[in-house]
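Notes follow once the structure below has been shown.
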Amino acid sequence: MWSAGFIVFFVLSLLTIAGALFMISLNRVVHMVLALSLSFISIAGLYILLDAEFLAFVQVLIYAGAISILMIFGIMMTKHSEEETEEPKKPWQNVLTAVGVIGFFGIIMYAIQSTTIVTEKKDFTQIDTVKEIGMAIFQKHVIPFELISLLLTVALIGAIILAKREEE
Amino acid sequence: MEASLTSYLALGAFLFCIGLYGALTKKNAVIVLLCIELMLNAANINLVAFNKFSVSVTQDLTGQIFSLFNIAIAAAEAAVAVAILIALYRARATSNMYEINELKD
């Protein structure tokens, strides 16, 4: 008998995979971004299932919110052909890539199946994970945290300089 | 039946492969970027799943913190990449990956 947690996992992973497959197969670029947003939101649900509530909210805020909107802006700022038509120049390229990727997937699945990993389902319901994440970041991982803030500042300034119209 | 570590790893591997296929075959540069984001997300799923299922004495959340840093890096990468695409569009008037081949010819 399937437990409730497994049914939720099944539905969420189905939605995630469906979003990704739609992203691959849809024709219009904006539709692809919307399909991938579905994928991102379902991944947030999977994080909740894995007792990572803070990460789930971060996922919705950053991926479903910021990155999807940024990509839509990127699409709006650049003109693109309305339909993503198949490339007539190299018809064998897609097939060859698909074969390679499926082979890669097979190798990974074989590795996952043949490795015995000792697992133990930890119970995070006793502790406040958000508080614990805050304590760990500001006590154990202070230097990576500061480096991330530096990196974000550099990326912000770099993005502005790159996208700025050059003076003639 | 319970959702085990293996099922999460399989989901991560599948998403990574879809992202890889899209990044290698798609024509539009913005979609290629989105596929790379999908691959990063697959890695994040693996990290959080390992954090939940790994055997350890203390209940540490290092996997989730790794994922947080990963998301920050991905956001910075997306911002810079979109800026590069806009600059490239201004210079070449295209966002088609197959037309950006100046170095090849």
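Here are a few things to note about the model shown:
- Helices (runs of 4 or more DSSP H) fully within the stretch A:1-59 that include at least 3 residues being under 28 Å from A:E132 (Cβ atoms) and not assigned by TED's automatic domain parsing to the domain that holds A:M71: none found.
- Of all the numbered requirements in (1) outside the structural domain of A:F10 (by TED's automatic domain parsing); (2) in contact with a strand residue (DSSP E or B) (Cβ under 7 Å, 6 or more places away or on another chain); (3) not basic (K, R), A:T97 misses one, and that requirement is (2).
- Qualifying residue in the stretch A:107-117 (condition: open to solvent by 50 Å² or more (accessible area, probe 1.4 Å) and within 19 Å of B:G63 (Cβ to Cβ)): yes
- Candidates are the residues of the stretch A:5-30 that are of a type in the set (S, T, N, Q) and under 23 Å from B:F53 (Cα atoms); the one that is nearest to the other protein chains (Cβ to nearest Cβ) is A:S13.
- Residues of the stretch A:142-166 that are at pLDDT below 90 and either within 15 Å of B:N70 (Cβ to Cβ) or surrounded by 14 or more Cβ atoms within 10 Å (Cβ to Cβ) (or both): A:L162, A:A163.
- The stretch B:49-72, residues that are more than 23 Å from A:T116 (Cβ to Cβ), in a helix (DSSP H, G or I) and more than 7 Å from chain A (Cβ to nearest Cβ): B:F66, B:N70
- Residues within the stretch B:10-39 that are crowded, with 19+ Cβ neighbours inside 10 Å and more than 19 Å from A:V29 (Cα to Cα), tallied: 7
- Given (1) at the interface with chain B (Cβ under 7 Å from one of its Cβ atoms); (2) of a type in the set (A, V, I, L, M, F, W, C); (3) open to solvent by 30 Å² or more (accessible area, probe 1.4 Å), number of the condition A:V33 does not satisfy: (3)
- Which numbered condition A:I62 fails, given (1) at pLDDT 90 or above; (2) open to solvent by less than 10 Å² (accessible area, probe 1.4 Å): (2)
- Qualifying position, being facing chain B (nearest Cβ under 7 Å), exposed (fewer than 14 other Cβ atoms within 10 Å of the Cβ) and aromatic (F, W, Y), among A:W2, A:W92: A:W2
The values are calculated or read from the model by the stated rules, or taken from the named source; none is laboratory data. None of the values given here were measured: they were computed from a predicted structure. We place every Cβ from the backbone using ideal geometry, glycine too, and count neighbours over all the protein chains shown. Just the protein is used for accessible areas: all its heavy atoms, side chains included, with ligands, DNA and RNA removed. Shrake-Rupley method; radii C 1.70, N 1.55, O 1.52, S 1.80 Å.
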